[in-house]
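A.B. asks: Attaching a single structure in C-alpha cells format; questions to follow.
The values are calculated or read from the model by the stated rules, or taken from the named source; none is laboratory data. This structure is a prediction, so every number in the text was calculated from the model and none was measured. Here the Cβ positions follow ideal geometry from the backbone for every residue, glycine too, while neighbour counts run over all protein chains shown. For accessibility, only protein heavy atoms count, side chains too; no ligands or nucleic acids. Shrake-Rupley method; radii C 1.70, N 1.55, O 1.52, S 1.80 Å.
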Amino acid sequence: MVTINLANWNAFLDCLDGLLYTPEVQSMRRLPHHPGVNCYEHSVFVAYVAFRIGRRYGLDYRACARGGLLHDLYLYDCRDASAHPGNQCLDHPEFALRNAAALTALSQKERNIIQSHMWPLAVHLPRSREAWAVSSADKICATLEVLGVWKRLRMRAVLAA
Ligand SMILES: [Fe+2]
Ligand SMILES: [Fe+2]
C-alpha cells in the first residue's frame, strides 16, 4: 500500500510548484465527486498515487503528479446536467484540459494524461507510461473512495488538508 512521509510529501509538492494552492485547484473542494469525497480530495489522492508509481518505476513523476492533480479540473458540479453538453465520461476530460491549460503551461504528455485518463471510456488513448500511471491511479483511487477505504486511510489527513 502507498504510504506517506514528509520526504515524499515535500518531493510531491516540489513537482506541483504551487499549483495545489491556486484558487482553481482549491475550488474543487466545493465540488462533489464520489460519495462523501470532493473533487479536490480525489485529485490530490490520484496525483500522489500517480507520483509514487512514477517514482517507483522510473517515470516522469512530475508529469504524473501534475497530470494527476489536473485530470479532473472540469470545475462544474457533475450532478448538474446543464453544466455540460453531453456524456460526463467523455465531456469532463475536455473541460479539465481547457481549464488546466489556462492555469499552467502543459506539455503534450500532460495534455494526453488529462484527455486519456478515462480510458477505455475516452476518445484518446494513453500515449505514455505516465498517462497509463495516472489512468491506473484514477481507477485505484476511485475504487478505494467508493468502497469507503479512503476515509479510513491515515494519509487522508495530509492529502486532504
Ligand atoms: Fe475523471
Ligand atoms: Fe478522476
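A.B. asks: Tell me, which helices (runs of 4 or more DSSP H) wholly within segment 42-161 include 2 or more residues that are modelled with pLDDT of 95 or more and either of a type in the set (Lys, Arg) or within 16 Å of the chain's Cα centre (by Cα) (or both)?
C.D. replies: Hits in segment 42-161: 61-70, 88-103, 108-116, 129-146.
A.B. asks: Then there's this: With open to solvent by less than 40 Å² (accessible area, probe 1.4 Å) and of a type outside the set (A, V, I, L, M, F, W, C) as the only criterion, which of Gly36, Gly68 stands out?
C.D. replies: Checking each option against the conditions leaves just Gly68.
A.B. asks: So which residues in segment 2-41 are in a helix (DSSP H, G or I), within 16 Å of ligand 1 (Cβ to nearest atom) and touching a Lys or Arg at 6+ places or on another chain (Cβ under 6 Å), if there are any at all?
C.D. replies: Tyr40, the sole residue that qualifies.
A.B. asks: Condition test on Pro93, is it touching a residue at least 24 places away in the same chain (Cβ under 8 Å), open to solvent by 50 Å² or more (accessible area, probe 1.4 Å) and within 16 Å of ligand 2 (Cβ to nearest atom)?
C.D. replies: Here the answer is no, as Pro93 does not meet what is asked.
A.B. asks: Looking at (1) closer than 18 Å to Arg98 by Cα; (2) open to solvent by 80 Å² or more (accessible area, probe 1.4 Å); (3) free of Cβ contacts under 8 Å to residues at least 24 places away in the same chain, which is the only condition Ser116 fails?
C.D. replies: Here Ser116 clears every test but (2).
A.B. asks: Follow-up question, since we're still on this one. So, Leu144, is that one open to solvent by less than 50 Å² (accessible area, probe 1.4 Å), within 16 Å of ligand 2 (Cβ to nearest atom) and not acidic (Asp, Glu) or not?
C.D. replies: yes
A.B. asks: Counting only residues that are open to solvent by 30 Å² or more (accessible area, probe 1.4 Å) and within 10 Å of ligand 1 (Cβ to nearest atom), how many does segment 74-90 have?
C.D. replies: Total satisfying the criteria: 3.
A.B. asks: Still on this model: When you look at Trp132, is it without any contact (Cβ under 8 Å) to a residue 24 or more places away in the chain, of a type in the set (A, V, I, L, M, F, W, C) and within 11 Å of ligand 1 (Cβ to nearest atom), yes or no?
C.D. replies: When the stated conditions are applied, Trp132 does not pass them.
A.B. asks: Tell me, which residue of segment 1-15 that is open to solvent by 40 Å² or more (accessible area, probe 1.4 Å) and of a type in the set (S, T, N, Q) is modelled with the highest pLDDT?
C.D. replies: In this case the residue turns out to be Asn10.
A.B. asks: Turning to a different aspect of this structure: Which one of these does Leu20 not meet: (1) in contact (Cβ under 8 Å) with a residue 24 or more places away in the chain; (2) open to solvent by 20 Å² or more (accessible area, probe 1.4 Å)?
C.D. replies: It is condition (2) that Leu20 fails.
A.B. asks: Please verify whether Lys139 is within 12 Å of ligand 1 (Cβ to nearest atom) and basic (Lys, Arg), treating the condition exactly as stated.
C.D. replies: yes
A.B. asks: Condition first: within 15 Å of ligand 1 (Cβ to nearest atom) and touching a residue at least 40 places away in the same chain (Cβ under 8 Å). Can you find one or more residues in segment 53-61 that meet it?
C.D. replies: No, the conditions are met nowhere in segment 53-61.
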